[in-house]
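Only one structure is covered here, and it is reproduced in the block below.
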Amino acid sequence: MLYKSVALLDMDSYFASVEESKNPSLRGKPFAVIGNGERPIVISANYVAKSFGVKTGMVITEAKKLCPKIIFVKADFSQYEFTTLKIIQLVEKYFPVYKEASIDEVYIAVDVVGNVFEGLARLKELKEEIKERLNLTCTVGVGKNPIIAKSACEVAKPDGFFVVEDFENFAKELPIKNVVGVGKESAKVLEEFGIETLGQFLDEKRLEGLSGFQKLKALILKEYTEPEFFKFVPPKSVGHSLSLDRHVNNLDELLEVYKYLTFGLYSKLLRGKMGAKSVSLYLKDRFGSFSISRSFVFHTNDFLLISKVIESLAERLFRGYPVSKVGISLNNLKVINGIQDSLFWTEEQRKFEKLSELDNVFFGGYFVLRGKKIV
């Protein structure tokens, strides 16, 4: 069927919000989630920090100048992955047709559940359940196609719910820079034409000779979304490599790093309802880079099977020298039946939740040393 009402559910300052949910003492204070490396950058800031001008992509020294009291928190990507899995399970509870646009954005076919009014009611219930169960807020934008839904979402942030019912009035008010598909260079060109709003963009005849703008205009004016938009195409492989902030010198610590990476990839398998046919491990020590692979008999997303194979390969790969970088990839993926049903941790998964409590472990910035301050 063709979908004439599409919603975008966008989590508000996602990584920062997850960290605040874990640590309520951060509430009301300016803080930012940062990556790892020698010059870590801001990858998510809460709205208090944003009010000082802190933005994604800033180096921490620049953020500190804008907001001297800002707190920096190292990213915990496995927690974000698993939280997204729980969000997707809630989406599936209300809507059968959706598409993950990123780790914190989901497009939803609103009218697949009946009429639009019923779909909107379900969206509101979904928004409230995410807040109630996960203590996270999101913004929902609804329009006649994905571009309008995304633009509505940007207008309504944070914690908003906006339905574009009168498109003409919406277009008259919407700044052209907030339209999906208009980048910095395109915005400069449109500024030269004196175009400031979406409505002016759609009415401007001088753009008819510019194919890129004509294509964007056609997408904006489209009255429906094809089912192909929501079709999931599995990647051929998923992987994660990690440069360590300090060398790992013994097998036990190395196995903990691999377990951590395994869970992140396992979460991606569950979110995509995928199974892997083979796994590859990568390791870099003082003498070079080395890798090893193994195939499964069948496609699987069995966590225990995958983790045991990875542990066995890691033991064969480690040669006793200090390790500076590791990686895992799950290969030859395809969609399979079977996905975790519970919204809550199983006992096996709870081990990974406890990894953040390990003493004296600091892998690539993902775990914070007990007692160590990040400034």
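The values are calculated or read from the model by the stated rules, or taken from the named source; none is laboratory data. Just so you know, these numbers come straight off a predicted model, no measurement behind them. So basically every Cβ, Gly included, is an ideal-geometry build from the backbone, and we count neighbours across all protein chains shown. Accessible surface areas use protein heavy atoms only, side chains included; no ligands, DNA or RNA. Shrake-Rupley method; radii C 1.70, N 1.55, O 1.52, S 1.80 Å.
Which listed residue (HIS240, LEU283, ALA7) has the Cα farthest towards the positive end of the charge dipole for the chain, taking +1 on Lys and Arg C-beta and -1 on Asp and Glu C-beta about the Cα centre? With unit charges placed on the Cβ atoms, the residue in question is LEU283. Farthest toward the positive end of the dipole of the chain, out of SER307, VAL106, ASN145, is the Cα of SER307, where the dipole comes from beta carbon charges about the Cα centre. Here's how it looks for LEU136: its modeled amide H is under 5 Å from those of LYS131, which are all 5 or more places away or on a different chain. With 0.36 nm allotted per residue and the present C-alpha distance subtracted, the ASP302-ASN178 stretch has 40.4 nm of extension available.
A 1.4 Å probe, protein heavy atoms only, puts the accessible area of ARG206 near 140 Å².
Projecting the Cα atoms of PHE161, ILE43, ILE130 onto the charge dipole of segment 39-175, computed from C-beta unit charges around the Cα centre, puts ILE43 farthest toward the positive end. Other residues with beta-carbon under 11 Å from the beta-carbon of VAL54 carry, at +1 per Lys or Arg and -1 per Asp or Glu, a net charge of +3. In order along segment 285-301, phi translates into HN-Hα couplings of 10, 5, 9, x, 10, 9, 9, 8, 9, 7, 9, 8, 5, 9, 5, 9, 10 Hz, rounded to whole numbers, per the Karplus curve 6.51 cos²θ - 1.76 cosθ + 1.60 with θ = phi - 60° and x for Gly and Pro.
Among complete DSSP H helices in the chain, those whose alpha-carbon atoms stretch at least 27 Å along the helix's long axis and whose mean Kyte-Doolittle hydropathy reaches -0.5 are 251-272. Relative contact order for the chain: 18 percent, from Cα pairs under 8 Å spaced at least 6 residues apart, divided by residue count. If you run the Gaussian network model on the chain, springs between alpha carbon atoms under 10 Å, then out of LEU207, LEU281, LEU265 the most flexible one is LEU207. For LYS74, the residues whose amide H sits under 5 Å from its own are ILE34, ignoring neighbours fewer than 5 places away on the same chain, with H placed 1.01 Å from N.
Starting from the residue with the highest accessible area, list ASP159, ASP252, ASP104 in decreasing order, probe 1.4 Å.
My answer, sorted largest first, is ASP252, ASP159, ASP104.
The distance between label points at ASN250 and ILE41 comes to 3.7 nm (points 7 Å beyond Cα on the Cα→Cβ vector). Assuming a viscosity of 0.692 mPa s and a temperature of 37 °C, what translational diffusion coefficient in µm² per second does Stokes-Einstein assign to the chain, Rh being the Kirkwood radius over Cα pairs? After rounding, the answer is 143 µm²/s. Per-residue 3J(HN,Hα) values for segment 274-283, derived from phi via the Karplus relation 6.51 cos²θ - 1.76 cosθ + 1.60 with θ = phi - 60°, read 10, x, 10, 9, 8, 9, 10, 10, 10, 8 Hz in sequence order (x marks Gly and Pro).
Over the chain, average the accessible area per residue using a 1.4 Å probe and give it in Å², no decimals.
Values: 18820 Å² over 375 residues.
Roughly 50 Å² per residue, with all protein chains present.
When the P(r) is computed for segment 210-283, the part past 16 Å accounts for 67% of the Cα-Cα pairs.
This model, with +1 at the C-beta of Lys and Arg and -1 at the C-beta of Asp and Glu, gives the chain a dipole about its Cα centre of some 1140 debye. Take each peptide in 229-240, 91-102, 171-182, count the other Cβ atoms within 10 Å of every residue, and average; sorted highest first, the result is 171-182, 91-102, 229-240.
Ligands, DNA and RNA excluded, the heavy atoms of MET1 present near 120 Å² of accessible surface to a 1.4 Å solvent probe. Entry note, segment 58-185: relative contact order of 12 percent, from Cα contacts under 8 Å with a spacing of 6+ residues. Considering only alpha-carbon pairs that sit under 8 angstrom and 6 or more positions apart, the relative contact order computed for segment 284-327 is 72 percent.
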